[in-house]
Structure formats: C-alpha cells, structure tokens
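Nothing in this text is a laboratory measurement; each read-out follows from the coordinates by a stated rule. All of these numbers come straight from a predicted model, not from anything done at the bench. When we count neighbours, we look across all protein chains shown, and the Cβ atoms used for this are built from the backbone with ideal geometry, even at glycine.
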Amino acid sequence: MSRSIEKAREYLRPTKKFPTVWCPGCGLGIVQSALVRAISRVGVEKNAVTVVSGIGCTGRMPAYVDFNTLHTTHGRALAFSTGVKLASPSMTVIAVMGDGDALAIGGNHFVHACRRNIDMTAIVVNNSIYGMTGGQYSPTTPHGKRGTTAPYGNVEHAFDTAALAVGAGATFVARTSVYHAQEADRLIEKAILHRGFSVVEIISNCYTSYGRMNKYTSAVDMLRWMKENSVPVSAWDKLPPEKREGKFTRGVISEKELPEFIEAYDEQGRRLTRTPAAVERVRDILTAYDENADRLRVADERSGEAESGRGENKT
Ligand SMILES: Cc1ncc(C[n+]2csc(CCOP(=O)(O)OP(=O)(O)O)c2C)c(N)n1
Ligand code: SF4
Ligand SMILES: [Mg+2]
C-alpha cells in the first residue's frame, strides 16, 4: 500500500462514514484531501489535532476526518475552537467553515477571532452560496450573481474574505482555490505552522446550488473559471486595473508576527503575581467573596427556619 493511501486511511474514517453526503464534483472533497495532506506533512500526532466545524455542507467534514472532532452550531465554530484551545493550549485547532457559517451568522466571531490572535487556523470554504440549504445568497455571492433569494441577481456587494481578515488583524492570511489543490495543502500547512490566528480562504465550487443557477455548464466548468480568473499575489501588482476586474489573488496575502493571545495572557498573569500589591488585592477579593458567601448562607438558613415555623403554625 502506498504511503499516501496509508495516511488517508489513518486520517479518515472510511469504514464508518463514507461515502460522503457531498454531491459529485463538489469542491469539498478536494479541501478535505488538502487538509489531510497538510496535517500529515506538519507531522503532528492525530490525537493532538482538533477539527471543528459549524453547520452546512462544509460543516460535515468532521464526520469524515479521524481527529478529535466537533460538529457544532451554525456560525459558532470559532467560539468552540477558542474554548478547545484555551482548555488545551498544546492542541492544534483547525476550524473549517463555509462562507455563510464564517461570514454571515458567524461574522462577528470571525472578526474578533482575527483581532484576538489565538494560535489556531480558520479554513473558509467559499463557494459563494448557502450550499446545504439550497442556494440562498451569502455575504460572498458576487454582485449580480443569482441565488434562490436573489433570482434577478444579487444587488449587494460581496465581502473580500481575505481583505476582511487582514483588516480585522489576522496575522496570517492566504487564499487559493480547489483548482489549485496542491497550493491549498501548502497554504494550510503554513497556516498551521504560523504562531497566531491564521486564515486560509479556499474558493470552492458548488455546482448544485450555485453553478446551475449561474450558467456554469458543470463542476469542471467552475474549476476552469478558477484557473482562468485567479492571479498569484506576486503577479497582481503588475496587472493593469482593467484586467483585475472579477479576478482574485491567490497565495500568502499577509503574514506578520504579533504576541499570541494565550502567551500574552499567561505573561500578564505571571507579571501580576510577581507584584506584592497584586497578590494583596487578589487576597482581598477572595476574603470579600468568602464573607459574602457566609452572609448568604446565614440568610438562607434564617429564611428556611422562618418557612418551617410558618408551616408549623398552620397545622
Ligand atoms: C442557527 C441556524 N440558522 C440557520 C440554519 C440553516 N442553515 C444550515 S446550513 C446554512 C447555510 C450554510 O452555508 P455555508 O456556511 O456557506 O455552507 P455550505 O453549505 O455552502 O458549505 C443555513 C443557513 C441553521 N442550521 N442554524
Ligand atoms: S450542495 Fe453544493 S456545497 Fe453542498 S455538497 Fe452539493 S455541491 Fe457541495
Ligand atoms: Mg457556502
């Protein structure tokens, strides 16, 4: 058996959960393979990895990959991921979210996770639509494109997910597409190795809920669009503005070093406990807390006695 098949067996749940629920030609299988290859290359123990998702077709991924997995609520993958990471800082935590999951219902969580810089990775599978629920337009549906809730074309303008992540403070931001499958695993690998909050946006195809409605002829036609309309970051600046229209950049878009949240928080705690005044203050707070608890207990006992006294009078 080849090494890659061995790895696939080790990191997937083929006997329990396959075949997947995904439609033939869906980009999600490519994203999942890229994720598995990236984790395999990083070489982290599979029990030291947690993959978290919200809801949607993308949200099904934790069923198929054999790490610690959480399939949570719509828009809250990053909240659960934050909990996992704070409880277990040595864990490699990866949240996999659809565009609706990450940027509509989870938009608030997304921007604050970017700002907070906790050492975890967010993979946003951007298929420009709510795939699972049948094609409602999402915050990344391009202007003019159709969805079941925009039958005459979307009048809104789409988020640029990567630009949003950079603006909100994410310290590693990259983008690619499912057509560029090998680039996808290289970027996920870099994102996992980055110390801080990393975002990888993967432009994906949903022929069932988006492609058909927008005059693509097949899933392959959508992959062709990705090939022809993406530009490596290094070539973008040389492109005249009129040739940029409707295209997206791919590669590492932004990378910087900033103190990681858990390290910064721990360091602050160490600094405070080294200050005698801070120790004194914590002691005062705990004493006040104990005294208050005593007062409440006594009040409770008294009201219990009064209740039973009233009961006795009635009989
Ligand atoms: C709180 C809540 N609101 C709405 C839904 C219905 N719902 C399920 S999946 C989904 C959209 C999924 O779109 P996206 O996140 O882009 O994932 P995709 O299916 O495209 O991968 C919605 C609105 C839900 N499950 N929970
Ligand atoms: S509905 Fe779209 S996103 Fe969902 S599995 Fe089918 S092709 Fe993929
Ligand atoms: Mg989607």
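Sorted from fewest to most neighbouring beta carbons within 10 Å, what does the list GLU228, GLU263 look like? Walk me through the numbers before you get to the answer.
Details: GLU228 9, GLU263 14.
The fewest-first ordering by Cβ neighbours comes to GLU228, GLU263.
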Checking SER88, SER40, SER198 against a Gaussian network model of the chain (alpha-carbon springs below 10 Å), the top fluctuating residue turns out to be SER88
From the phi angles alone, apply the Karplus equation (6.51, -1.76, 1.60; θ = phi - 60°) to segment 262-267 and give each ³J(HN,Hα) in whole Hz, x where the residue is Gly or Pro.
5, 5, 5, 5, 4, 5
Which lysines have a Cα lying under 19 Å from the Cα of LYS46, excluding residues fewer than 8 positions away in the same chain?
LYS7, LYS16, LYS17, LYS85, LYS190
Separation between the GLU307 and ARG274 pseudo-spin-labels, each 7 Å from Cα along Cα→Cβ, expressed in nm?
5.1
Hits in segment 150-168: amide N under 19 Å from the 7 Å Cα→Cβ extension of ASN108, namely 165, 168
Value of relative contact order over segment 3-258, rounded to a whole percent, pairs C-alpha under 8 Å and six or more apart:
18
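Given axes a ≥ b ≥ c from the Cα gyration tensor, I'd like to know whether segment 275-314 is rounded (a/c under 1.5), prolate (a/b larger than b/c) or oblate. Working shown, then result.
Numbers: a/c = 10.79, a/b = 10.59, b/c = 1.02.
It is prolate, given that a/c is not under 1.5 and a/b is the larger ratio.
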Which of ALA63, ALA95, ALA113 moves the most in a Gaussian network model of the chain with Cα springs under 10 Å?
ALA63
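Set the Förster distance to 22 Å, then compute FRET efficiency between ASP160 and THR73 from the Cβ-Cβ distance, nearest 0.05.
Details: r = 26 Å, r/R0 = 1.19.
In this case the efficiency is close to 0.25.
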If ILE129, ILE253 are placed from fewest to most neighbouring beta carbons inside 10 Å, the sequence is ILE253, ILE129
Global form of the chain, assessed from the alpha-carbon gyration tensor, a/c cut-off 1.5:
prolate
Give me a comma-separated list of calculated 3J(HN,Hα) values for segment 278-295, in order, Karplus coefficients 6.51, -1.76, 1.60 applied at θ = phi - 60°, integers in Hz, x for any Gly or Pro.
5, 4, 4, 5, 4, 4, 4, 4, 5, 5, 4, 5, 4, 4, 5, 4, 4, 4
Which residues' amide hydrogens lie under 5 Å from the amide hydrogen of GLY169, considering only partners 5 or more residues apart or on another chain, with H built in the peptide plane?
none
Using only Cα atoms, locate the centre of segment 237-315 and the centre of segment 27-89, then give the distance between them in Å, rounded to an integer.
26
The set of residues whose placed amide H lies less than 5 Å from the amide H of ILE203, leaving out same-chain residues fewer than 5 positions away, is ASN126, THR176, SER177, VAL178
If the reach is capped at under 30 angstrom between alpha carbons, list the lysines near LYS145, excluding any in the same chain fewer than eight residues apart.
LYS215, LYS227, LYS238, LYS243, LYS247
In which sequence would VAL44, VAL178 go, from the one with the fewest C-beta neighbours within 10 Å to the one with the most?
VAL44, VAL178
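By its C-alpha gyration tensor, with a ≥ b ≥ c as the square roots of the eigenvalues, how is segment 1-140 shaped: rounded for a/c under 1.5, else prolate for a/b larger than b/c, else oblate?
Values: a/c = 2.06, a/b = 1.15, b/c = 1.79.
Oblate.
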